[in-house]
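The structure under discussion appears below in the form of structure tokens.
The values are calculated or read from the model by the stated rules, or taken from the named source; none is laboratory data. Since we're looking at a predicted model, the values are computed, not measured. Counting neighbours? That spans all protein chains shown, and the Cβs are built from the backbone with ideal geometry, glycine included.
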Amino acid sequence: MKPLLSLFEFEKNNTTFQREITAGLTAFFTVAYIIVVNSSILHDSGINLQMAVLATVFVSIFGCLLMGLYANAPIVLVPGMGINTYFTYTIVHNQGLSWQSALGIVVVSGLIFIIVAFSSIGVKITKSIPASLKHAISVGIGVLITFIGLQKGGVVLVHPQTGLQLGSLSDPQVILTLIGLLIALVLFILDLKTAFLLTILSITGLAAYIGIINLSGSKPLHISEYSSFFGSFSLKDIGTVDFWLAVFSLTLLSVFEHVGLLQGLLPNKDRFARSLKAGSITAMVSGLFGTSPTISAAESAAGTAVGGRTGLTAITAGIAFAFTLLFLPFINMIPNSATSPILVIVGALMFQSVKEIPFHNLSEAIPAFLLIIFIGFTQSIPDGMAFGFISYAIIRIINKDFRKDNIVLFVIAGLFLISLFLK
């Protein structure tokens, strides 16, 4: 026990061994749904579902252990919601790149993120971006995630004339999705930390009961096959505009996700710097493991809320992720109806940032509105960001606002403008 006391500085951080273990388990059960949901989204990009599951688990173990041992911070690192949808539905589906090239983009973006994290560039970039645009990005991604959830659950369908239409309410998949949405909503309002996990389990059980899936048909998980999947990223498209546009957008998203949460949960500057470095390294190796980038999970707040103060919280969560390997053979049987409600609720949570946008100030509101609308209607995060940043820069020029704080903003807007013309 003494080595642990000295390593994690329990007394200095006013915590105990038992409290840290409890916090780690709380954080894990709050975020465990990511194994199922992230794997499902990665599978849509063409990645084998079992490999996606293993990649999600392994990178989460790696990230949590690195965060705990190197940064001594109670932060859980897992593949991020929002960034995973960008990986699959923008880079692969919209831009037409292979999932191997998308993983290559994750690796290159991660290397840039490491450079940013090991210097002061990251914080400077984050501070130079207007708060209204940061919140708009969160809202826009929330709209996109919600749409994807409704579509995967069959609630919203493509219509040849009108574009979209409501799915058949007599379809068992749609019924299960709506029931799952109701269950998730009730459990979430009751503030159950395992709301998402319980929703997935209950809908999967219901689907098995009515005969939509067969629980006895679970496939064995061959972990040995993962060795040939590890490192499957490709750099064959590194000379294309689409590749670098994706790298640029993915790097911005990664920096925003990490810095925003770490600044809120880690007032200690020393821990902030080391946590950002741990986050950047894990984001880079995500591409090696075979998944979209990791982020500092917002669910880490569940652990800190029950007293988590040190890296032992993160390490406990990492060990808990390792134990999930025993149950992974059943994950490939989980239907879309069980994961779709989670996407909708996550989208709603991200949409809450809309209240932080000052709509009374049109100079701030219009660029934020354009960013949100273009993400939602084009199903493209970088296109939405482009219109948001470019319009914001134009308004600053019209208002003759050339403060030094806006230089980085103008550079980012210029890069987005170039990317639009090169598409």
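I'd like to check something: does segment 380-397 contain any residue that is assigned to a helix (DSSP H, G or I), hydroxyl-bearing (Ser, Thr, Tyr) and under 30 Å from residue 48 (Cα atoms)? So that I can check it myself, show each step before the final result.
Residues of segment 380-397 assigned to a helix (DSSP H, G or I): 381-397.
Next, from what is left, pick out any that are hydroxyl-bearing (Ser, Thr, Tyr): 391-392.
Narrowing further to those that are under 30 Å from residue 48 (Cα atoms): none.
No: zero hits.
Taking segment 38-53 only, how many residues are surrounded by 24 or more Cβ atoms within 10 Å (Cβ to Cβ) and part of a helix (DSSP H, G or I)?
7
Which count do you get for residues in segment 332-374 that are in a helix (DSSP H, G or I), among the β-branched types (Val, Ile, Thr) and closer than 19 Å to residue 48 by Cα?
1
Could you check segment 161-200 and list, in sequence order, the residues that are within 30 Å of residue 301 (Cα to Cα), among the small types (Gly, Ala, Ser) and either surrounded by fewer than 18 Cβ atoms within 10 Å (Cβ to Cβ) or at pLDDT 90 or above (or both)?
180, 184
Being surrounded by fewer than 24 Cβ atoms within 10 Å (Cβ to Cβ) and either touching a strand residue (DSSP E or B) at 6+ places or on another chain (Cβ under 6 Å) or at pLDDT below 95 (or both) is the filter here, so list the residues in segment 283-318 that pass it.
Those that are surrounded by fewer than 24 Cβ atoms within 10 Å (Cβ to Cβ) and either touching a strand residue (DSSP E or B) at 6+ places or on another chain (Cβ under 6 Å) or at pLDDT below 95 (or both): 298, 299, 301, 302, 304, 305, 306, 307, 309.
If the requirement is being out of contact with any Pro (no Cβ under 9 Å at 6 or more places or on another chain), within 30 Å of residue 233 (Cα to Cα) and at pLDDT 95 or above, which of these qualifies: 359, 321?
Residue meeting the stated conditions: 321.
Scan segment 328-344 for residues that are under 19 Å from residue 89 (Cα atoms) and aliphatic (A, V, I, L, M) and report the count.
Looking only at that region, the number is 3.
Go over the candidates 416, 402 one by one and state the one that is surrounded by 17 or more Cβ atoms within 10 Å (Cβ to Cβ) and hydrophobic (A, V, I, L, M, F, W, C).
Working: 402 fails: surrounded by 17 or more Cβ atoms within 10 Å (Cβ to Cβ).
Matching residue, one of 416, 402: 416.
Within segment 214-235, track down each residue that is closer than 14 Å to residue 290 by Cα, surrounded by 12 or more Cβ atoms within 10 Å (Cβ to Cβ), of a type in the set (Ser, Thr, Tyr) and modelled with pLDDT under 95.
Within segment 214-235, just 226 meets the criteria.
Limited to segment 3-32, what total is found for residues that are in a helix (DSSP H, G or I) and either closer than 30 Å to residue 199 by Cα or at pLDDT 90 or above (or both)?
Qualifying residue count, segment 3-32: 15.
Among the residues in segment 319-326, are any among the β-branched types (Val, Ile, Thr), surrounded by fewer than 23 Cβ atoms within 10 Å (Cβ to Cβ) and assigned to a helix (DSSP H, G or I)?
Within segment 319-326, one or more residues are among the β-branched types (Val, Ile, Thr), surrounded by fewer than 23 Cβ atoms within 10 Å (Cβ to Cβ) and assigned to a helix (DSSP H, G or I).
Among the residues of segment 312-341, which ones are of a type outside the set (Gly, Ala, Ser) and within 22 Å of residue 75 (Cα to Cα)?
Across segment 312-341, the qualifying residues are 312, 313, 315, 316, 319, 321, 323, 324, 325.
Please go through segment 67-83 and pick out each residue that is among the hydrophobic types (A, V, I, L, M, F, W, C), surrounded by 23 or more Cβ atoms within 10 Å (Cβ to Cβ) and over 16 Å from the mean Cα position of the chain (by Cα).
The answer is 67, 71, 73.
Residues checked against (1) in contact (Cβ under 8 Å) with a residue 24 or more places away in the chain; (2) in contact with a strand residue (DSSP E or B) (Cβ under 6 Å, 6 or more places away or on another chain); (3) under 29 Å from residue 50 (Cβ atoms); (4) among the hydrophobic types (A, V, I, L, M, F, W, C):
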site: 259; (1), (2), (3), (4): yes, no, no, yes
site: 276; (1), (2), (3), (4): yes, no, no, yes
site: 280; (1), (2), (3), (4): yes, no, yes, no
site: 330; (1), (2), (3), (4): yes, no, yes, yes
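Please work out which residue is farthest from residue 82 (Cα to Cα), limiting yourself to segment 132-183 and to residues that are of a type in the set (A, V, I, L, M) and assigned to a strand (DSSP E or B).
Checked segment 132-183; the qualifying residue farthest from residue 82 (Cα to Cα) is 166.
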